Amino acid sequence: QAKKAGRNTLRFFDPAMQEKLSVRASLESELRYAIEKHQLALYYQVQVDDNHRLIGAEALIRWIHPERGIVSPVDFIPIAEESSLILDVGHWVIDTACLQLAEWAKSAEKKHLMIAVNVSAHQFRALDFVQSVHQAIDLHKIDASRLKLELTESVILEDVDEVIAKMHALKALGVRLSLDDFGTGYSSLSYLKKLPLDQVKIDQSFVRDLAYDPNDAIMVKTIIDLANNFRINVIAEGVETELELEILKDYGCRLYQGYLFGKPVPIEKLQFSAI
Ligand code: C2E
Ligand code: MG
Ligand code: MG
Ligand code: MG
């Protein structure tokens, strides 16, 4: 059947498609060595409160590729996720973020700042995930409450009771939990009350047209009300304009992240003063 489809579609011979497949294949083999070759980097994007004061940053991975330049996580995280490579990458991310928190802990002005890291579903599901987070916290002797793990709804699609138990184990370590891309998956509402979450993150797709699309405005308002009623804090991502910020404030959202405040940058370029 596959053979037949291959013969009957131009796609099979499409040079652009072939090129994509070969780029993918080489990325996959090169990714294996990216960690040991020190080609991975964390960029940081500020998160601010309603006084535009820094509360922390989200760590966003980049692959500094010797020939391809900066490769976006959108182009290699899905490849990593198809194999156990995501476990090594995920481990590197948490370790590097904890190392950065240990640095900040030495500074009176920075020790209150939090770092949020993205955790893939595959990584969360690993049997030793809680233990590996625990080890990173111990190794770098950081205050666990400065570390925030961003989970997506894809994590919750699996065995819910098991996921909740794991989340409680993470909470017991002292780390914070945020639900990323909130509103884009299924069943968000029914799970929200069951999960030990500290934060939900409004997906940028709702923020993008917030000022123009009444449906998105309703989504955003509903998420904020819901989070406030459940006493879970809420952060908006993808805030790009003053108008979006104004609406979010008006709706009762107090935490923001987006190009309006800063793009993801290497650590040495992160701006610590109020924005
Ligand atoms: P995400 O966690 O939802 O991160 C937000 C994405 O939106 C980031 O893209 C960020 O650069 C971008 N962004 C932030 N503010 C704005 C804005 O105002 N406007 C627009 N248009 N975009 C904005 P990025 O860095 O390319 O990351 C994409 C996704 O890759 C992330 O989405 C996350 O799912 C994944 N990712 C990034 N780093 C990691 C990581 O260390 N581990 C894992 N498992 N996934 C990661
Ligand atoms: Mg995120
Ligand atoms: Mg997101
Ligand atoms: Mg916009």
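A compact table of results
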| read-out | value |
| --- | --- |
| Single match in Gly174, Gly238 (criterion: under 16 Å from the mean Cα position of the chain (by Cα), surrounded by fewer than 20 Cβ atoms within 10 Å (Cβ to Cβ) and either β-branched (Val, Ile, Thr) or closer than 25 Å to Val48 by Cα (or both)) | Gly238 |
| Flag for Thr184 being surrounded by 13 or more Cβ atoms within 10 Å (Cβ to Cβ) and within 16 Å of the chain's Cα centre (by Cα) | yes |
| Residue tally, condition of a type outside the set (S, T, N, Q), closer than 19 Å to Gly69 by Cβ and either more than 14 Å from the chain's Cα centre (by Cα) or within 16 Å of ligand 4 (Cβ to nearest atom) (or both), over segment 39-57 | 2 |
| Condition check for Glu103: open to solvent by 60 Å² or more (accessible area, probe 1.4 Å) and modelled with pLDDT under 95 | no |
| Sole exception among (1) open to solvent by 10 Å² or more (accessible area, probe 1.4 Å); (2) touching a residue at least 40 places away in the same chain (Cβ under 8 Å) for Ser145, by number | (2) |
| Restricting segment 217-275 to residues that are closer than 25 Å to Leu177 by Cβ and among the basic types (Lys, Arg), the residue that is farthest from ligand 4 (Cβ to nearest atom) | Arg231 |
| Hits in segment 55-92 - residues which are in a strand (DSSP E or B) and either touching a His at 6+ places or on another chain (Cβ under 7 Å) or more than 16 Å from Pro266 (Cβ to Cβ) (or both) | Ile55, Gly56, Val71 |
| Test: Ala144 is within 16 Å of ligand 3 (Cβ to nearest atom) and modelled with pLDDT of 95 or more | no |
| All positions within segment 187-208 that are without any contact (Cβ under 8 Å) to a residue 40 or more places away in the chain and within 16 Å of ligand 3 (Cβ to nearest atom) | Ser188, Leu197, Val200, Asp203, Ser205, Phe206, Arg208 |
| Members of segment 92-134 that are under 15 Å from Leu40 (Cβ atoms) and free of Cβ contacts under 8 Å to residues at least 40 places away in the same chain | Gln123 |
| Residue list for segment 81-95, restricted to those being at pLDDT 95 or above and small (Gly, Ala, Ser) | Gly90 |
| Index of the failed condition, Lys201 passing every other in (1) in a helix (DSSP H, G or I); (2) within 16 Å of ligand 2 (Cβ to nearest atom) | (1) |
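This table checks each residue for (1) under 22 Å from Ser132 (Cβ atoms); (2) assigned to a helix (DSSP H, G or I).
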| site | (1), (2) |
| --- | --- |
| Met167 | yes, yes |
| Leu170 | yes, yes |
| Tyr186 | no, no |
| Leu197 | yes, no |
| Ser205 | no, yes |
| Asn215 | no, yes |
| Leu226 | no, yes |
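The values are calculated or read from the model by the stated rules, or taken from the named source; none is laboratory data. From a predicted model like this one, the values you see are computed outputs, not experimental measurements. No Cβ is skipped: glycine too gets one built from the backbone with ideal geometry, and neighbour counts run over all protein chains shown. When the accessible area is computed, the model is the full protein with side chains, heavy atoms only, and any ligands, DNA or RNA have been set aside. Shrake-Rupley method; radii C 1.70, N 1.55, O 1.52, S 1.80 Å.
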